[in-house]
Amino acid sequence: MATAPEIDAAIIHGLALRLPILGVFAKADFTGLALSQAILSNKSYAPPPVRGRSDVLDKLVADGRTGVLAGAGYYDWPQEPAALFEARDRRLIALKQAMREIGTMAGLERDA
């Protein structure tokens with residue numbers, strides 16, 4: 001089973017890294033729509049039934065690890081919540097500014 005940091009790293013350095021540049025549908029175009037179609041038609045995979053709950057999440061909440069405001073959740077957050085939210089927001093603003101400078105792949109069609 002993967003840990004919360006491992007899953008976060010996979011998303012941050014994988015899919016999430018591509019989405020601001022491509023978006024969902026441009027990413028599908030880069031994957032190839034025929035491949036996407038073939039993947040969707042694969043009947044050999046059936047997702048597990050929805051349980052409506054998570055053993056890990058239930059334990060975290062029962063242990064009082066309810067997130068940043070409590071000082072812990074999936075991660076330990078020893079800093080003051082206000083400082084954490086400020087640090088998060090600074091990073092989001094910097095990312096948004098960088099994205100404005102970098103642009104998206106959809107913007108290339110207008111540049112041509």
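Worth a mention:
- For region 57-97: accessible area per residue (Å², 1.4 Å): 79 Å²
- Förster radius 35 Å - calculated FRET efficiency between residue 51 and residue 72 (Cβ-Cβ, nearest 0.05): 0.90
- Trypsin sites (Lys or Arg not before Pro) restricted to region 32-112 and DSSP loop, no more than 14 other C-beta within 10 Å: 43, 51, 53
- Signed unit charges on C-beta, dipole axis of the chain, positive-most listed residue 99, 36, 57: 36
- For residue 74, neighbours were defined as the other residues whose beta-carbon sits under 14 Å from its Cβ, and their charges (Lys and Arg +1, Asp and Glu -1) total -4.
- Cα-centre dipole for the chain with unit charges at Cβ (Lys and Arg positive, Asp and Glu negative), debye to 20: 280 debye
- Sequence-distant lysines (8 or more away, or on other chains) whose Cα lies within less than 29 Å of residue 27: 43, 96
- Modelled spin-label separation between residue 89 and residue 37, with each label point placed 7 Å from Cα along the Cα-to-Cβ direction: 4.8 nm.
- DSSP-loop chymotrypsin sites (Phe, Trp or Tyr not before Pro) across region 1-100, with at most 15 other Cβ within 10 angstrom: 45, 74, 75
The values are calculated or read from the model by the stated rules, or taken from the named source; none is laboratory data. Bear in mind that the values here come from a model prediction, so they are computed numbers and not experimental data. Don't worry about glycine lacking a Cβ; one is built from the backbone with ideal geometry, like all the others, and counts go over all protein chains shown. In case anyone asks, the SASA skips ligands and DNA or RNA and just uses the protein heavy atoms, side chains included. Shrake-Rupley method; radii C 1.70, N 1.55, O 1.52, S 1.80 Å.
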